[in-house]
Amino acid sequence: MSGAFAVFAGLLCFAIPLAVPLFVQRWRTFAIIVALAVAFFAWLTWDIERTGGVHWIGSFLGGLMLFGFAAGAIAKFVMLVGRRPDRAEP
């Protein structure tokens, strides 16, 4: 049962950060999401590197989250760059 929980947790830790930047529609919102992710992953790095105490997220799940977010952010960046400006219909 613990193996099934670990696989499920790993899937969630990859899929949710992957999906977050993909729901963004504008550049400003994308910049806000990336800034929040930088703050979160900076905290995560600090949490993993400190000694003693309880680590809320481990290095494996944190790495999955970072890789998932990076993949989603790169994909959304390409989508925003390649988007054509809206034209008004006559």
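Here, each number is a calculation from the coordinates, and none is a lab measurement. None of the values given here were measured: they were computed from a predicted structure. We place every Cβ from the backbone using ideal geometry, glycine too, and count neighbours over all the protein chains shown.
Here are the numbers for this structure:
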read-out: 222 nm mean residue ellipticity, helices alone, for the chain (DSSP H n ≥ 4; -39,500 (n - 2.57); rounded to 500); value: -26000 deg cm²/dmol
read-out: Over the chain, relative contact order from alpha-carbon pairs under 8 Å, at least 6 apart, %; value: 47 percent
read-out: Unit charges at the beta carbon, dipole of region 28-90: most positive-side option, VAL81, GLY63, PHE40; value: VAL81
read-out: Dipole magnitude of the chain, debye to nearest 20 (Cβ charges: Lys/Arg +1, Asp/Glu -1, about Cα centre); value: 340 debye
read-out: For region 19-32, Karplus couplings with θ = phi - 60° (6.51, -1.76, 1.60), whole Hz, Gly/Pro x; value: 6, 4, x, 6, 7, 6, 10, 10, 5, 5, 5, 4, 5, 5
